[in-house]
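Data block below; observations after.
The values are calculated or read from the model by the stated rules, or taken from the named source; none is laboratory data. Model, not experiment: these values are computed from the prediction. Cβ placement follows ideal geometry from the backbone for every residue including glycine, while neighbour counts extend to all protein chains displayed. For accessibility, only protein heavy atoms count, side chains too; no ligands or nucleic acids. Shrake-Rupley method; radii C 1.70, N 1.55, O 1.52, S 1.80 Å.
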Amino acid sequence: MPPAPEKLPALVAMSPEHWPQLFPADVRRRLEQFALVDPADPVDRFDDPRVVDRLAEAEVLITGWGCPVVDRQILEAAPKLRAVLHAAGSVKGHLSREVWERGIVVSSAAAANGVPVAEFTLGTILLAGKGAFDLRERYRREQSFELGYIHPDVGNNGRTVGLIGASRIGRQVLDLLRPFGFRVQVYDPYAGNLDVPTVDLGTLLSTSDIVSVHAPLTAETHHLLGRSELALLRDGATLINTARGQLIDTGALTAELVSGRITAVLDVTEPEPLPSGSPLFQLPNAFVTPHIAGSHGNELARLGLCVADELGRLVAGEPLRFGVGVADLDRGA
């Protein structure tokens, strides 16, 4: 019989309410094959005296939403720490660069979190191609319809979809689109070789029927789509944003939507949440959802399983599958 795998002392650092959703019983059993954890007591602060001894012994931090910032002071209190495994997406908000400087390996469940975002995006692209967002409003307004009038300008066969950003999620969306009859093009100056056409941003905006945003938020991409860029969109185009609200100038987008020229599907906005009375809540061509594309409900267990599997690789001495390098802080979401 092979020996039981080593179990590493681990500290769970996240909002306590997220722990049971990320690690339901079956996923927790998988995690506990490799980690010594206290599942009843995840922490969301490091300055609690009860945490000091646990932090000093921890070899692994299992983090999630609500994790406190891990900076030099915390690292000095955790001399045995060798890995941070994040059961969510970006690690920018809670890990300082000192983590990597100390040689601690970092992993993120961003790929798992991207699955429902890509699924949500596929669904909205298909609905946009059918004219569902506009025709729903027309049907509600007129309370009658004739099929003949919707035939000429709707349908997904041959539609051109432009993806802004060949990020992890952008590539997942690209894969999901393959079975359908879309023409797909991508704008991403750092994409490398793709098996679909890559074009400049202006070309993508002016030649796509549906544009979906998947770029990371960096200093370069803040308000990537401003007044002049949005003006390039075709009349009747649909703009989808499931990435970050700050990628689009909200004022410029609102002006375009007020004109009735385009439709927008916005799961993220700037600011977030939108202020009470925002025109985006009332405009018939703005379909706004409350940041639901990412993992929610039973989808969260996928993130916990990703962390459990990464912990298994760590114990086995194997490379992490979803490792995050310090360079990713500058170019990632």
Inset, instruction - Could you tell me which of the residues V315, V268 is under 23 Å from L61 (Cα atoms), touching a strand residue (DSSP E or B) at 6+ places or on another chain (Cβ under 9 Å), surrounded by 14 or more Cβ atoms within 10 Å (Cβ to Cβ) and of a type in the set (V, I, T)? - result: V315
Inset, instruction - Might you let me know whether the stretch 20-40 holds any residue that is modelled with pLDDT of 95 or more, touching a Cys at 6+ places or on another chain (Cβ under 8 Å) and of a type in the set (A, V, I, L, M, F, W, C)? - result: no
Inset, instruction - For the stretch 148-163, enumerate the residues that are modelled with pLDDT under 90 and among the β-branched types (V, I, T). - result: I150, V154
Legend entry - Selection within the stretch 214-228 - open to solvent by 50 Å² or more (accessible area, probe 1.4 Å) and either polar (S, T, N, Q) or modelled with pLDDT of 95 or more (or both): H222, H223, R227, S228
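From the list V184, V161, V211, V173, pick out the single residue that is surrounded by 19 or more Cβ atoms within 10 Å (Cβ to Cβ), touching a helix residue (DSSP H, G or I) at 6+ places or on another chain (Cβ under 7 Å) and either among the hydroxyl-bearing types (S, T, Y) or assigned to a helix (DSSP H, G or I) (or both). Don't jump to the end; show me each part of the working.
On the way: V184 fails: either among the hydroxyl-bearing types (S, T, Y) or assigned to a helix (DSSP H, G or I) (or both); V161 fails: either among the hydroxyl-bearing types (S, T, Y) or assigned to a helix (DSSP H, G or I) (or both); V211 fails: either among the hydroxyl-bearing types (S, T, Y) or assigned to a helix (DSSP H, G or I) (or both).
Sole residue among the options that is surrounded by 19 or more Cβ atoms within 10 Å (Cβ to Cβ), touching a helix residue (DSSP H, G or I) at 6+ places or on another chain (Cβ under 7 Å) and either among the hydroxyl-bearing types (S, T, Y) or assigned to a helix (DSSP H, G or I) (or both): V173.
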Legend entry - Tally of residues being free of Cβ contacts under 8 Å to residues at least 60 places away in the same chain and surrounded by fewer than 15 Cβ atoms within 10 Å (Cβ to Cβ) across the stretch 318-333: 3
Inset, instruction - Could you please find all residues in the stretch 47-66 being among the hydrophobic types (A, V, I, L, M, F, W, C) and open to solvent by less than 20 Å² (accessible area, probe 1.4 Å)? - result: V51, L55, A58, V60, L61, I62
Inset, instruction - Just one of (1) within 20 Å of E119 (Cα to Cα); (2) hydrophobic (A, V, I, L, M, F, W, C); (3) surrounded by fewer than 19 Cβ atoms within 10 Å (Cβ to Cβ) trips up A231, so point out which. - result: (1)
Legend entry - Looking only at the stretch 285-307, and only at residues there that are open to solvent by 10 Å² or more (accessible area, probe 1.4 Å) and in contact with a strand residue (DSSP E or B) (Cβ under 9 Å, 6 or more places away or on another chain), the one that is nearest to L85 (Cα to Cα): C306
Inset, instruction - Would you point out the residue of the stretch 287-333, among those that are part of a helix (DSSP H, G or I) and closer than 17 Å to K92 by Cα, that is modelled with the lowest pLDDT? - result: R331
Inset, instruction - Specify the residue that is most open to solvent (accessible area, probe 1.4 Å); the eligible residues are those in the stretch 187-208 that are in contact with a Phe, Trp or Tyr (Cβ under 9 Å, 6 or more places away or on another chain) and either basic (K, R) or closer than 30 Å to V91 by Cβ (or both). - result: T198
Inset, instruction - Quickly run through the stretch 76-128 and pick out the residues that are part of a helix (DSSP H, G or I) and either closer than 17 Å to G304 by Cβ or touching a Pro at 6+ places or on another chain (Cβ under 9 Å) (or both). - result: A110, A111, A112, N113, G114, V115, P116
Inset, instruction - Out of the residues in the stretch 132-147 that are in a helix (DSSP H, G or I), of a type in the set (A, V, I, L, M, F, W, C) and at pLDDT below 85, state the one that is surrounded by the fewest Cβ atoms within 10 Å (Cβ to Cβ). - result: L147
Legend entry - Residue tally, condition farther than 19 Å from K80 by Cα and not polar (S, T, N, Q), over the stretch 25-41: 11
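Going by what's in this entry, would T263 be described as at pLDDT 95 or above and either among the charged types (D, E, K, R) or within 21 Å of A286 (Cβ to Cβ) (or both)? Spell out how you get there, then give the answer.
Values: at pLDDT 95 or above: yes; either among the charged types (D, E, K, R) or within 21 Å of A286 (Cβ to Cβ) (or both): yes.
In short, yes.
Taking the stretch 188-202 only, how many residues are at pLDDT 95 or above and more than 18 Å from the chain's Cα centre (by Cα)? Even if it seems obvious, please write down each step before you answer.
Taking the stretch 188-202 and keeping what is at pLDDT 95 or above, we get 188, 196-202.
This time we only want the ones that are more than 18 Å from the chain's Cα centre (by Cα), so: 196-202.
The number of residues fulfilling the criteria is 7.
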Inset, instruction - Take the stretch 234-252 and flag every residue that is surrounded by fewer than 23 Cβ atoms within 10 Å (Cβ to Cβ) and on the phi < 0 side of the Ramachandran plot. - result: R234, D235, R244, G245, Q246, L247, D249, T250, G251, A252
